[in-house]
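The values are calculated or read from the model by the stated rules, or taken from the named source; none is laboratory data. Computed from a predicted structure; not experimentally measured. Here Cβ is always computed from backbone atoms with ideal geometry, including for glycine, and neighbour counts include all displayed protein chains. These accessible areas exclude ligands, DNA and RNA; they are computed on the full protein's heavy atoms, side chains included. Shrake-Rupley method; radii C 1.70, N 1.55, O 1.52, S 1.80 Å.
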2 protein chains.
Amino acid sequence: MAIRYEHIKTCKQTGARLGKLHTPHGVIDTPIFMPVGTLATVKTMSPEELADIGSQIILSNTYHLWLRPGNDIVKEAGGLHKFMNWDKPILTDSGGFQVFSLSHRRKITEEGVHFRSHLDGSKLFLGPEGAMDIQHDLGSDIMMSFDECAAIPSTHDYVKKSVERTTRWADRGLNHHIKKGHDKHQALFGIVQGGEYKDLREQSAKDLVAMDFPGYSIGGLSVGEPKPVMYRVLEETVHLLPEDKPRYLMGIGSPDALIEGVIRGVDMFDCVLPTRIARNGTTMTSQGRVVVKNKIYERDFTPLDPNCDCYTCKNYTRAYLRHLFKANETLGLRLTTYHNLYFLLNLMEDVRTAILNDNLLDFKEAFFESYGLNKENPKNF
Amino acid sequence: MAIRYEHIKTCKQTGARLGKLHTPHGVIDTPIFMPVGTLATVKTMSPEELADIGSQIILSNTYHLWLRPGNDIVKEAGGLHKFMNWDKPILTDSGGFQVFSLSHRRKITEEGVHFRSHLDGSKLFLGPEGAMDIQHDLGSDIMMSFDECAAIPSTHDYVKKSVERTTRWADRGLNHHIKKGHDKHQALFGIVQGGEYKDLREQSAKDLVAMDFPGYSIGGLSVGEPKPVMYRVLEETVHLLPEDKPRYLMGIGSPDALIEGVIRGVDMFDCVLPTRIARNGTTMTSQGRVVVKNKIYERDFTPLDPNCDCYTCKNYTRAYLRHLFKANETLGLRLTTYHNLYFLLNLMEDVRTAILNDNLLDFKEAFFESYGLNKENPKNF
């Protein structure tokens, strides 16, 4: 097996899991948040900075690297780790999500998906075997099965057909993966789908667990549904997954959802949220959201987050950050991205400590209060 | 006096000067190239990275900081050093160059210049005293007199009137500077103008030297004239300047012109060239210019410059850099900027060593050959 999940402890207050995930490029402490490096770079950050803030694993996107620079080029470079100068673990998605969210004029067949490139409109095809081949070229430590992420809401009938096809695709991908001999050093996860339907989530989980993947993802959430729906689906799904395998909730990066996900038994998360909002001048702080590009910070010579000890907060003021954003200076994007990622990675470290101390519920309450999430209509992510 | 120039050695082969410039924020080895941080940031770089590559002093632009964020805000922040987290020396220009090159509908009077902001068209005025006040607020170690940089070619009559006004402005600025008591910790340079006219350069230099500035700049060059004209004007000007004061040639950053300038007795240089071309995917290497975003580097898995030991060249390939540029990724700009600045700072270190070894002419010949500058029609900057 390419990876191994080591369970360390269960939080007595919440049931959250503390663990270690052993991968070909090192050991990850879980639960963990994974910064997203779509195009073989976490936008604005150097690999050394990522390591400095405690990134243990990053995510990169199969679809984007397939199109640019091309998986053949990454393979020739010696794989994604070497290409981008990152020697810790990498997880890649399958390209499925982008095929369905970014491409034009797509047509789903049993074989796979025909669609047009979002870059130049050229005709492309991606199916479960192709998604494996690309990820083999990239050489990621953890790979994803090719899946369809159905919208919420979709009809039960549509989601049922979609889930059953996604399961057949997972089976084909797994067979191809094993046949190519990559299962020894790259771990392929199955992705549980099923929208908001309990019976379909159960069917998806049951069928995938029977295939014995080394880890399981929960997909099709955080696609616009209210958070209570997401939490309900999580509760209906996670307990169906094996306890000795890692569980990855795809596309989640708001502080509240990370904590709620951990409480419901999730080990791994990723999201573009912290890096995307950072580039728009919006930051996560111990007191909630700070839109540092706003005029009120023009003469604010205090740190972005007075309780933060990251590089940005130790060396720069809100006034300087605002100036950089108003002047369209790259360093502004760097400094807010650095802080936001540090904030989430640090939050997950605190969460791991709380599990160890059996007080994750207390931690959650204190954090929600400080972050402003207990207010009516909180807008603090 | 705020600064002191210590002459160490004259190159027996060329007459180039090796020295040390003592400033309120530390000692600078000369000759030196100064990276440009227009808006209180050297574009894409952190202060720590600037220090890592050997930046001893940076330049920042009075005009730009006056407009954004405003010199009052920088002053409130504790000055430019503190605002931007840079504790080594800073040189600021006077704003004169930008007033004449960027602004709209300008009208020159004896008092100063009336013009419209390049950002929002608002009416502005800048004169020699105002240029001092802004630089006092910024707190730069080295300040520039307010001057007019006349175009080449301009008529002798125009340049004569311009030079004489610039001299009167220099005198007014110096008096204001001393009256405000800032001459103890901020060194104000006079700027020699005079276009391509020997007699006007002589007049400008003579009048400014009589005012006993702690250093002298040579302005009005690198404004489109052929390099032989620039070198001739330098030869006609530098020998008029006092040997015990630093000499700064404004706006020069191509490797050949840096070396030729040093040979003609210049101590300090600045230019946006290395950082500007870097952001366009163009780099300076030991073998000449490499436009790394070009398709020929798509599968080139060698370093940008095989003879360079900078962070970029030690860790990344041309193929990766090209990918980052094609994908509009910020890290690409960071890595090429880092390399180009390292290249020029390293070049100046080699130049200082050559002066010490009395072989700067030999060094120049070898460098020009390797860089491709001895070819017919060299296009290697």
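Could you please let me know if B:I259 is assigned by the TED database to the domain that holds B:D157, farther than 20 Å from B:D141 by Cα, among the β-branched types (V, I, T) and outside any loop (DSSP other than H, G, I, E, B)?
Yes: the conditions hold for B:I259.
Residues of the stretch A:217-236 being in contact with a strand residue (DSSP E or B) (Cβ under 6 Å, 6 or more places away or on another chain) and over 11 Å from A:G195 (Cα atoms), which ones?
A:S217
Open to solvent by 10 Å² or more (accessible area, probe 1.4 Å) and either out of contact with any Ser or Thr (no Cβ under 6 Å at 6 or more places or on another chain) or at pLDDT 95 or above (or both): which single residue out of A:F100, A:F33 fits that description?
Being open to solvent by 10 Å² or more (accessible area, probe 1.4 Å) and either out of contact with any Ser or Thr (no Cβ under 6 Å at 6 or more places or on another chain) or at pLDDT 95 or above (or both) holds for just one of A:F100, A:F33, which is A:F100.
So which residues in the stretch A:61-70 are touching a residue at least 40 places away in the same chain (Cβ under 8 Å), within 12 Å of chain B (Cβ to nearest Cβ) and over 17 Å from the mean Cα position of the chain (by Cα), if there are any at all?
A:L67, A:R68
Among the candidates B:G261, B:G288, B:G224, single out the residue that is closer than 30 Å to B:P153 by Cβ, of a type in the set (G, A, S) and crowded, with 17+ Cβ neighbours inside 10 Å.
B:G261
Residues that are touching a residue at least 24 places away in the same chain (Cβ under 8 Å) and within 13 Å of chain A (Cβ to nearest Cβ): find the helices (runs of 4 or more DSSP H) completely inside the stretch B:270-381 holding 1 or more of those.
Per the criteria, B:273-278, B:311-315, B:318-326, B:330-356.
Go through the stretch A:303-337 and count every residue that is buried (at least 24 other Cβ atoms within 10 Å of the Cβ) and under 21 Å from the mean Cα position of the chain (by Cα).
Residues in the stretch A:303-337 being buried (at least 24 other Cβ atoms within 10 Å of the Cβ) and under 21 Å from the mean Cα position of the chain (by Cα): 3 in total.
Any chance you could count how many residues in the stretch B:36-45 are facing chain A (nearest Cβ under 9 Å) and buried (at least 24 other Cβ atoms within 10 Å of the Cβ)?
So the answer is 5.
Name the residue, out of A:D244, A:D207, that is in contact with a His (Cβ under 9 Å, 6 or more places away or on another chain) and open to solvent by 40 Å² or more (accessible area, probe 1.4 Å).
Selected residue: A:D244, the only one of A:D244, A:D207 that is in contact with a His (Cβ under 9 Å, 6 or more places away or on another chain) and open to solvent by 40 Å² or more (accessible area, probe 1.4 Å).
Go over the candidates A:N280, A:N294 one by one and state the one that is open to solvent by 20 Å² or more (accessible area, probe 1.4 Å) and within 30 Å of A:G96 (Cβ to Cβ).
A:N280
Report yes if A:F115 is hydrophobic (A, V, I, L, M, F, W, C), closer than 28 Å to A:V223 by Cα, in contact (Cβ under 8 Å) with a residue 60 or more places away in the chain and in the same structural domain as A:H185 (by the TED database), otherwise no.
Here the answer is no, as A:F115 does not meet what is asked.
Restricting attention to the stretch B:98-117, report how many residues are more than 21 Å from B:T167 (Cα to Cα) and charged (D, E, K, R).
2
Which of the residues that make up the stretch A:149-179 are among the hydroxyl-bearing types (S, T, Y) and not in a helix (DSSP H, G or I)?
Across the stretch A:149-179, the qualifying residues are A:S154, A:T155.
Looking at the stretch A:75-97, which of its residues are away from chain B (no Cβ under 14 Å) and open to solvent by 20 Å² or more (accessible area, probe 1.4 Å)?
Scanning the stretch A:75-97 gives A:K88, A:F97.
What residue, among those in the stretch B:61-74 that are part of a loop (DSSP other than H, G, I, E, B) and in contact with a helix residue (DSSP H, G or I) (Cβ under 7 Å, 6 or more places away or on another chain), is surrounded by the fewest Cβ atoms within 10 Å (Cβ to Cβ)?
Looking at residues that are part of a loop (DSSP other than H, G, I, E, B) and in contact with a helix residue (DSSP H, G or I) (Cβ under 7 Å, 6 or more places away or on another chain), I get B:R68.
Answer yes if at least one residue in the stretch B:207-219 is in contact with a Gly (Cβ under 8 Å, 6 or more places away or on another chain), farther than 23 Å from B:L21 by Cα and at pLDDT 95 or above, and no otherwise.
no
Output yes when any residue across the stretch A:308-319 is touching a strand residue (DSSP E or B) at 6+ places or on another chain (Cβ under 6 Å) and either closer than 18 Å to B:T44 by Cα or not assigned by the TED database to the domain that holds A:K20 (or both), and no when none is.
no
Can you find a residue in the stretch A:48-60 that is within 12 Å of another protein chain (Cβ to nearest Cβ), open to solvent by 10 Å² or more (accessible area, probe 1.4 Å) and without any contact (Cβ under 8 Å) to a residue 24 or more places away in the chain?
Yes, the stretch A:48-60 contains a residue that is within 12 Å of another protein chain (Cβ to nearest Cβ), open to solvent by 10 Å² or more (accessible area, probe 1.4 Å) and without any contact (Cβ under 8 Å) to a residue 24 or more places away in the chain.
Given the options A:H118, A:H114, A:H136, A:H185, name the one that is within 23 Å of A:F269 (Cα to Cα), of a type outside the set (S, T, Y), surrounded by fewer than 21 Cβ atoms within 10 Å (Cβ to Cβ) and touching a strand residue (DSSP E or B) at 6+ places or on another chain (Cβ under 9 Å).
On inspection, the qualifying residue turns out to be A:H136.
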